[in-house]
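The values are calculated or read from the model by the stated rules, or taken from the named source; none is laboratory data. Just so you know, these numbers come straight off a predicted model, no measurement behind them. Reconstructed Cβ throughout: ideal geometry from the backbone, glycine too, with neighbour counts over all protein chains shown.
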4 protein chains.
Amino acid sequence: MNDRALRKIVVGLGGTPNGYLREDGFDIVVASEVMAILCLATDLKDLKERLGRIIIGYKTDGKTPIHARDLKAHGAMAALLKDAIKPNLVQTLENNIAIIHGGPFANIAHGCNTVTATRTALKLADYVVTEAGFGADLGAEKFIDIKCRMAGLNPAAVVLVATVRALKFHGGVRKEDLNQENLAALELGLANLEKHARNIREHYHLPCVVSINHFSFDTEAEIALMKQKCEALGVQVIVAKHWAQGGEGAEDLAKAVASLVDTRPGRHQFVYDENDTLWNKIEAIATKIYGAAGISADPKVRQQLEQWSTEFPGYPVCMAKTQMSFSTDAGARGAPTGHHVHIREARLANGAGFVVAIAGDMMTMPGLPKVPAAESIDVDENGQIAGLF
Amino acid sequence: MNDRALRKIVVGLGGTPNGYLREDGFDIVVASEVMAILCLATDLKDLKERLGRIIIGYKTDGKTPIHARDLKAHGAMAALLKDAIKPNLVQTLENNIAIIHGGPFANIAHGCNTVTATRTALKLADYVVTEAGFGADLGAEKFIDIKCRMAGLNPAAVVLVATVRALKFHGGVRKEDLNQENLAALELGLANLEKHARNIREHYHLPCVVSINHFSFDTEAEIALMKQKCEALGVQVIVAKHWAQGGEGAEDLAKAVASLVDTRPGRHQFVYDENDTLWNKIEAIATKIYGAAGISADPKVRQQLEQWSTEFPGYPVCMAKTQMSFSTDAGARGAPTGHHVHIREARLANGAGFVVAIAGDMMTMPGLPKVPAAESIDVDENGQIAGLF
Amino acid sequence: MNDRALRKIVVGLGGTPNGYLREDGFDIVVASEVMAILCLATDLKDLKERLGRIIIGYKTDGKTPIHARDLKAHGAMAALLKDAIKPNLVQTLENNIAIIHGGPFANIAHGCNTVTATRTALKLADYVVTEAGFGADLGAEKFIDIKCRMAGLNPAAVVLVATVRALKFHGGVRKEDLNQENLAALELGLANLEKHARNIREHYHLPCVVSINHFSFDTEAEIALMKQKCEALGVQVIVAKHWAQGGEGAEDLAKAVASLVDTRPGRHQFVYDENDTLWNKIEAIATKIYGAAGISADPKVRQQLEQWSTEFPGYPVCMAKTQMSFSTDAGARGAPTGHHVHIREARLANGAGFVVAIAGDMMTMPGLPKVPAAESIDVDENGQIAGLF
Amino acid sequence: MNDRALRKIVVGLGGTPNGYLREDGFDIVVASEVMAILCLATDLKDLKERLGRIIIGYKTDGKTPIHARDLKAHGAMAALLKDAIKPNLVQTLENNIAIIHGGPFANIAHGCNTVTATRTALKLADYVVTEAGFGADLGAEKFIDIKCRMAGLNPAAVVLVATVRALKFHGGVRKEDLNQENLAALELGLANLEKHARNIREHYHLPCVVSINHFSFDTEAEIALMKQKCEALGVQVIVAKHWAQGGEGAEDLAKAVASLVDTRPGRHQFVYDENDTLWNKIEAIATKIYGAAGISADPKVRQQLEQWSTEFPGYPVCMAKTQMSFSTDAGARGAPTGHHVHIREARLANGAGFVVAIAGDMMTMPGLPKVPAAESIDVDENGQIAGLF
C-alpha cells in the first residue's frame, strides 16, 4: 500500500457504525514489523508466536500492552503468511541458484533476508553468501548483533563491497566529478573503508576481503592505491567485474572468500552483550562502530529505554541512522570521530524482538517518485502488459 | 478491505510529504464502481475504457470532471484486472459445470454476474440460468433494464424463487412463528408474489415459473394454496428440493423452464425507454414495478438528475432500495400501493454507465459480524489452516 | 466563531494528552441551542435548568442521554450568561426606546427575540411590537406555537409586512424587472399574501393588518390593487414610509394596530395541540399553514419522532424550511398547494424544549461573504477604527 | 480557549462549502505569538506592523512566507487589540499602584509583562520593579536579551528571589522532607543560587540582591547559612516577609534595591551580540548561562537556524527549556556542568521578532487540572457567582 497519503490518517469517521475514531496509518510492507518478524522467524510456530507478541496499543492505563494475540489476530495472520515463510528459489542468468526472500528495511528494521532462507541455503550449499543492507556500520552490525544472535548463525567471513566512486565521494568530491581520477580525494575517502574494515576485524573478530565493484572509468592508479592502502591493513582487495563478465568476473573474489572461510579462525564476537542495558548497547554501537564520542537522549527516551531494558532483557538494538555517514549527520563524510549520537526516539518491536533506536532526523519511510509508476503501466487488447519496468 | 473503520477516513495528515489532506474512504470490493464495471465490461478493451471513464472528482470549478484516464490510472487498473475478467469455471457437487464470476451489490450496483460469464455460458450450453440479486423488483429489473440492455442479452424466461416462509412473513407472521402452518397469512402474503409475477409478465413480457424453495416444515396445505393462487394467474408453481436431493430435486423445475424457453413468444421489453429522462425512468420503475403513487426528491437532487439526463443520455437507472418491501419502508409487507418513493440522493457511476438513485434510508454498505471472522482462523505447525468456514 | 472551516472538525488529535479523538464542530452563535435557550428562558433559574438539560451526546449504549448537567457544566454556562439574559435597552434615531435582545435563527431555531425582553417591554409600554423572522409561515407560526405557548404570551394582533416588489416576484417577475410596474404579476403574486393573511385569521384567530414597506418605484396603481385585493379579504392595507419619514411615516400603521389591539376579540389559538404527537404537529403545520397535501419521512426519522413524542410529550415542533416558498421547493412561488413536505431529519433541542424538523435541502448555516469583512477593518495610530460597516 | 482537545485538530471537513481541509490547532492565549507581540509592541502602530509580519504559512513552493498582512488580517487584529495594549492600573491591598499587563509564556515566549506597561511605569515612578518568569536562567536572560534589547530598556539592578525550600530541593531533599531543617542539603543546593548570582554579575554586569521569600518553617541556621554563602560572593541577602507583613515585610529589601539602583555602575551587557548567528547565540546562552559543555541539533534544525540567521539578522533567541534545572534534564539539580543542550526544534515568531529554540522534551502547552474548574462554578437566582477561586 505505497501511497504516501495513507501514512498518517484518521479512521472511523461517521459515528458509531464505523467504529471508534482513531489516528492510524499504513506502513509500506518492508517497513512493517510483520516483515521483520517474517524474516526472523525460524518456522511457522515461531512466526505465529512472534505475530501474537506484536503490541498494537496500550490499555487506557497507558501501561498494559495489548498484543495481537489478545485480539486473537495472530492465527489468521500466520495463516495468511504460511506460504510466504517458505524460501523462494530463483536462478541467475547463468542458471546458478539463488534465494530471494524477505526485505525488511535497513533503518527501522534489520535489513537482512529471512532466517529460513539462510538456513535452507546452509543445508544445500557449501558456501552461502548473503547480503546485509546499507553500509557495514548498519548492515553488518544488524546482521551479526540481531540476526546471527537470534538464529544462532555463525558467519565465517565478511565481504566488504566498495566502489572507487563512493570512496572519492567520502574524500570530498562532488557528485558530478566522481567519474574523474582523483587520487588525493580517494586517499582521504579511504578512511571510511578502513574504519569499516577495522570494525569487522576488531569488533566482530571476522576475516574480511574488500570487493571493488568495478566501474569502467576507475583508473589503474586508483585501483592500485586502494590495494596498497588496504593491504597495509592486512585486507586483501579484489576487483570484481561480474557486472560485465558474469560469474567469471567474480571468480577471484569467490576464491578469496572460499579461502578465508576454509581457514576461519573461530567464532565471531558481538558488539555488545545481550544482558547489557539498551542504553549501553546503543552506546557500544555508537562508540565502537560509529566512532562517536558519546550518546544522548531526552529524559523521556532514556526512561523508556530503561523500562524496556527491565521488561525485555536480552532484546538487541536496531539502529535507525542515516546510511550516508558513520555519524548522524548525512553530510559528515569519511570516518568522523568525536561526534555525538542523539537518540530522538525509541520504538519497541516486540514481535520482531528488538528495540529500534532512531538517531538523527532520518526518514523511516521511503519517498515516492514524482510521477507514479502506474502512469506508464498499460495492457493491450490481448492482455499483454507494458510499462512495468 | 472489509474494516468498517476505513469507510470514512481523513488521509494525508502530517504535512506536505504526505500529500494533500483529504476526506476519503474504502469501499468493500463488491460495492465499488470497479466491480460494477468488471461485471458489465464486454472485453478487456471495454474494461479499460470504462475504468478510464470513472469520475474521481471535480476540478475546483466544481463542474469539470476528472476521470481516471486523466490521471493515466486506467491502464494500470486494467492490467491488474486482466485475469479477473476471465470467467471462472467451477463444478457442482454433482460435477456439473457452473461459472461463478463477479459480485456487484444489488443495491448500489446492479447485482448480476459478469457479462463475460453470461456470454461464455451462452456459447457453451443449450440453457443458461443466471441469478439476479434480491427480490425481482430489484434483481430482475436491473438484470433486464441494465445488464440485458447494455450487453444486448435476450432472456427467454424468468424463474421466480419463493419460499412459503417468506410469503407468510409478508402476510404478517412474526419471525419466530414462521415454521408453523398459517394459511390465512400465506394467502395474504401471496399478494407479494403475485405482484412480482405480474411485473414479469406485464412489464417485461416474459413467461415465468415459480420455484418454491422447499423447507421441511412447509405443509401440504400451504403448497396447495400457493399452487392454486399462482395457477389462477396462469403461472406454474413447482416445488424444488435440490437442497436435499441435488439435481434430481430440481428436475421438474428444469423441465418446466426448458419448456418455457423452447416456446418463448418473442423478445422481452424494458420498463423504460433509454431516451427518457432519468426522472421519468425512476418514475416508471417506481410506479410500474413498485406500485408507488409517485416519486419525489429535493430540488438539488432533481436538478442533478436533470443535468445528468442531458450530459449522459441513455444511462439507465440503478435503484438502491430496501429489499424488504416493494416500498422504501422496510416494514411495509405484501404488495403496498399508493406509497411514495423519495429519492434522497443520486450518484453517477460513469464507468459502469448508470446513475444510482438512492431511495429511503438504506445502508449502502453491509454490516459486519460482532465477532471478526479472523478470530477463529488459525494455522498449525504443518501449515494446516482451520476456521475458514 | 464565524469561520466555515470550523463547522465540521476532528479534535483531540495527538494522543492521550489531547483527550479523546472525536468529530465535532462549531456553530455560529445564532444557530446554537444556547441562543435558543437564552431567548426562551424566563429567568436565570430557568436559564440554568435549560442549559443543564442540553443533551450533548449518548452513552455507549446509544440510548442514555448525557446532559450538560451530568458534566456539571450548566452552572458555569449560566454564570457566563448571567448578564446576557438582561434585556438591552437602546433608542431609535428619534429617541424612542427599543429593546434589541437575542437572535436565534429562524430556520433551526424559532427566530424571535428573548422572552425576558418581551415581558420587560410589556411591563413598560402600552403597546409592544415585536418581530418574528422570515415569512409568516415560519416567523408567525413559531412565535405563536413555540414562544407564546412556552411563555404564556397572548398577542393581540398581527402586522403582516409586505412589499410590492416581493409580491411581483411571487407573481413570476425576474429580479431585474421588479422595479417596473406589472399589475398582472402583482395580482398573481398576491395569492401569497392572501394565504398568509388567511393563515393568521383562520389558524391563529388573530386580527391582522398589512403594512406595505414602501419603495419609491411602487406605483399608485400597484398600491391600489393591493388595497383592493386585501380589503376584499377584510384586511386593511397601510402604506408605511418610515424608511423615509421616520416615525411620522408609520403613524397610520400605528393607529391601525392600536385600534386592532384595543378591540381584540379574545385569545389566539394554536395550530396544533401540545398533546399531539410530533408527527401530527408537523402534519398540522404543513397542511394548514403551508397548504401541503401531506408529509413524508424515512422510517428512521419517523421512528425517531415517535420515540421523542413519548419521551418528551408537549414539545413543540420547530420547522426548518426554506423562507422562499410555502413549500420546500424554493422555486415554487405564490401559494402552492398539493405539494409534499418531506422531513429529512429531526433534531432534539432538549434545553430549548423543542424538536427541529428539517424539511427539504436547506442550509442550517448561513453562507459567508466571498471577501471576509475583516479585510476592510483597520485601526489608525490614534485608535480610530475604520471599515466596520 | 483552554481545551486540550483543540490543540491539534483537522478543520474544513464536509467538502467545498466548509473550506479547505487542513490540520490546525488552538493555542492558549498566553502561548500564542499574538501575546508575545502585544507584550513587545511599543505602540499601536508597532503592534499593527508586528501583527502583519506574522507568518501564517508558506506558499506551495514551501519557501515563500505568507504573512498576516498578505491576508489583510492585521488591521482587524490590531483593531481588536487597540484597548488591550493600554496598560492596566490596579492597586495592592495597601493601595499602592501596580500594573498587571500581559502574560506571555516563559518557555515558548519571553515571559515578561508588556513594554507599554514598563515604559508607563518608568514615567510615573522613581523606582520600577518588574517580574520575569521562571528561574533567572530563563526569566532574566529573556528580559535582558529580548525585552530590554528590543525596547531599549536599561535595568539598574536585579532581585534574585529564592526560597530555602527550593534550595534544599536542589540539594537533593525529597519534596515531602522540605519542611525540615537540612543544612547539608542547603549548602549543596546553594550551588544553584550561586550560579544564578554569578550569571547576573558576570554576564549582565548588573548588581544583584537575593531576596529570601520567607516560609514559617525556615530555621535561623538555614537563613544564616544562606547569608554567609551569598555574602562570600559579595551578594547581600535579605529575608522578605511581605507575605505575612505586607509592605513593611519588604522594607529592608526595598531599601537595599534602592541603594543598588542609586549607585548603579553603568549600563548592563547582553549575553550575545545581536549580529551573531542564531547558532552562536544559542551556544552563548547554553555555555555561559546554563553551564553546558556545548549544543547540538539535527542537521535539519541547524540548516533552519542558518537560513533564519541570514533572513532575519538581529533576531534574538527565545529559549524553551525546562525551568527545573540549568540543563535540559529536569532531574539534574544544583548547578550541573558539562551537560549537552540538544535543540530539537526551532520556530520563527516573525511578528514577535525572535526565534524560539526548543531544548529537550518540554511541553510547550500547560497541562489542565483533572477536574475542570468549570465544574465548581455556579450562579444563583440573584446572579451571584460562586466557585471562581
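Points worth noting:
- Filter pass, C:E345 being of a type in the set (D, E), touching a residue at least 40 places away in the same chain (Cβ under 8 Å) and out of contact with any Gly (no Cβ under 8 Å at 6 or more places or on another chain): yes
- Of residues in region A:175-192 being outside any helix (DSSP H, G or I) and not charged (D, E, K, R), the one nearest to A:A224 (Cα to Cα): A:N182
- Qualifying residue in region B:324-337 (condition: within 18 Å of B:K142 (Cβ to Cβ), within 13 Å of chain C (Cβ to nearest Cβ) and touching a residue at least 12 places away in the same chain (Cβ under 8 Å)): yes
- Checklist (1) touching an Asp or Glu at 6+ places or on another chain (Cβ under 7 Å); (2) closer than 30 Å to A:K195 by Cβ applied to A:L44, failing item: (2)
- Candidates C:E283, C:E306, filtered to the one that is at pLDDT 95 or above, among the acidic types (D, E) and more than 25 Å from C:K195 (Cβ to Cβ): C:E306
- Residues (free of Cβ contacts under 8 Å to residues at least 60 places away in the same chain, of a type in the set (D, E, K, R) and crowded, with 20+ Cβ neighbours inside 10 Å) located in region B:125-181: B:K168
- Residue count for region A:340-366 satisfying the condition of being surrounded by 16 or more Cβ atoms within 10 Å (Cβ to Cβ) and either of a type in the set (F, W, Y) or at the interface with chain B (Cβ under 9 Å from one of its Cβ atoms) (or both): 2.
- C:Q269 polar (S, T, N, Q), farther than 28 Å from C:Y290 by Cα and not in a helix (DSSP H, G or I): no
- Among the residues of region A:55-71, the ones that are surrounded by 19 or more Cβ atoms within 10 Å (Cβ to Cβ) and more than 14 Å from chain B (Cβ to nearest Cβ) come to 0 in all.
- Boolean, B:D276 is in a loop (DSSP other than H, G, I, E, B), free of Cβ contacts under 8 Å to residues at least 40 places away in the same chain and over 14 Å from B:D137 (Cβ atoms): yes
- Criterion: surrounded by 17 or more Cβ atoms within 10 Å (Cβ to Cβ), within 14 Å of another protein chain (Cβ to nearest Cβ) and touching a strand residue (DSSP E or B) at 6+ places or on another chain (Cβ under 6 Å) - qualifying residue of A:V301, A:V317: A:V301
- Scan of region D:217-247 for residues that are free of Cβ contacts under 8 Å to residues at least 24 places away in the same chain, under 21 Å from D:F169 (Cβ atoms) and either part of a loop (DSSP other than H, G, I, E, B) or among the hydrophobic types (A, V, I, L, M, F, W, C) (or both), ordered by number: D:A224
- Residue in region B:3-25 that is in contact (Cβ under 8 Å) with a residue 40 or more places away in the chain, under 23 Å from the mean Cα position of the chain (by Cα) and more than 10 Å from chain A (Cβ to nearest Cβ) present: no
- When restricted to residues that are among the hydrophobic types (A, V, I, L, M, F, W, C), in contact with a Gly (Cβ under 7 Å, 6 or more places away or on another chain) and over 19 Å from A:H242 (Cβ atoms), region A:113-135 contains 2.
- Looking only at region C:367-386, and only at residues there that are small (G, A, S) and loosely packed, with under 15 Cβ neighbours inside 10 Å, the one that is nearest to the other protein chains (Cβ to nearest Cβ): C:G383
- Counted residues, region C:45-71 - those being of a type in the set (S, T, Y) and assigned to a loop (DSSP other than H, G, I, E, B): 2
- Neighbours by Cβ (under 6 Å, 6+ apart or cross-chain): first from region B:72-96, within 9 Å of chain A (Cβ to nearest Cβ) and in a loop (DSSP other than H, G, I, E, B); second surrounded by fewer than 14 Cβ atoms within 10 Å (Cβ to Cβ) and not polar (S, T, N, Q): B:K82/A:G383
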